[in-house]
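Report on the structure given below.
The values are calculated or read from the model by the stated rules, or taken from the named source; none is laboratory data. A quick note: this is a predicted structure, and the numbers were derived from the prediction, not measured. Quick reminder, even Gly has a Cβ in these numbers, built from the backbone with ideal geometry, and neighbours come from all protein chains shown.
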Amino acid sequence: MSPGDNVVIFGAGPIGLASIAALRDRGVEDVVAVDLSPRRLEIARALGARAGIDASREEPWPRLRGLHGESPVLGAKMLGSDAYVEASGAADVIVQILQQAKAQARLSVVALHGQEIPVNFLLVMIKQLTIRGAMEYPEDFAESLGVLSRWDLSPMISHRFPLERFEEALSVARDPRAGGKVLIDLDGGHEKAGR
């Protein structure tokens, strides 16, 4: 993704939030986050998302049309977003993106999906869509460390727990409404951070 692209990130958990930071570092300014948690959307905006859409309260597609416009495909009005990052893990999101995407849009799937997802490859072909999966454990973390040195990502950290409270920390991390990134502080730490 490049500066000038408009991007939609579905899922504002730790991976989606890190995606916002990475895009901002690459000069992408028009990023919209979609999530079910108002707290996570608040964090997304603090990290540089242009807007946050609470999908538990409104259908995201009309609002995205207002933000990114429309682009016709064979006479049908498709969403004008250039790229999508699927970080929610919800199978129906991928299906909806393929239905709504404009011609030559790009989709990066970064969430883990355990179930099979039906993909209409006629849509993929007609729209000339690019779908890419991403699960990376680089040998060199220089790029990631560079992002950390250039940007304040502390809004991502919503909770800190001491090691003795690991089970509680894991419970909070599993709750999508709880916030962003949950950290275990080996030196003691505080229960909550970033508020």
* Structure fact -> Output for Cβ contacts, cut-off 6 Å, separation at least six or different chains, first residue farther than 21 Å from residue 12 by Cβ and without any contact (Cβ under 8 Å) to a residue 40 or more places away in the chain in the range 139-165, second of a type outside the set (Ser, Thr, Tyr) and assigned to a loop (DSSP other than H, G, I, E, B), reads 162/188; 162/189; 163/186
* To do: Name the single residue, out of those in the range 150-191 being outside any strand (DSSP E or B) and of a type in the set (Ser, Thr, Tyr), that is modelled with the lowest pLDDT.
  => 154
* To do: For the range 92-121, name all the residues that are surrounded by fewer than 18 Cβ atoms within 10 Å (Cβ to Cβ) and in contact (Cβ under 8 Å) with a residue 60 or more places away in the chain.
  => 106
* Asked: outside any loop (DSSP other than H, G, I, E, B), within 21 Å of residue 25 (Cβ to Cβ) and more than 20 Å from the chain's Cα centre (by Cα): does that describe residue 108?
  -> no
* Asked: Here are some residues: 48, 27, 4. Which one is touching a Pro at 6+ places or on another chain (Cβ under 7 Å) and either among the aliphatic types (A, V, I, L, M) or in a loop (DSSP other than H, G, I, E, B) (or both)?
  -> 27
* Structure fact -> How many residues of the range 50-72 are in contact with a helix residue (DSSP H, G or I) (Cβ under 6 Å, 6 or more places away or on another chain) and modelled with pLDDT under 95? The answer is 0
* Structure fact -> Across the range 7-24, the tally of residues that are assigned to a loop (DSSP other than H, G, I, E, B) and in contact with a helix residue (DSSP H, G or I) (Cβ under 6 Å, 6 or more places away or on another chain) stands at 1
* Which condition does residue 79 not pass, out of (1) touching a Gly at 6+ places or on another chain (Cβ under 9 Å); (2) surrounded by fewer than 20 Cβ atoms within 10 Å (Cβ to Cβ), if it passes all the others? -> (2)
* **Search result, residues across the range 22-35 that are in contact (Cβ under 8 Å) with a residue 40 or more places away in the chain and surrounded by fewer than 22 Cβ atoms within 10 Å (Cβ to Cβ)** => 22, 24, 25
* Structure fact -> For the range 82-91 the number of residues that are touching a Gly at 6+ places or on another chain (Cβ under 6 Å) and either of a type in the set (A, V, I, L, M, F, W, C) or free of Cβ contacts under 8 Å to residues at least 60 places away in the same chain (or both) is 1
* Asked: Across the range 36-53, which residue is farthest from residue 151 (Cα to Cα) among those that are surrounded by 20 or more Cβ atoms within 10 Å (Cβ to Cβ) and touching a residue at least 60 places away in the same chain (Cβ under 8 Å)?
  -> 37
* Please enumerate the residues belonging to the range 72-93 that are over 19 Å from residue 50 (Cβ atoms) and assigned to a strand (DSSP E or B). => 72, 73, 76, 77, 78
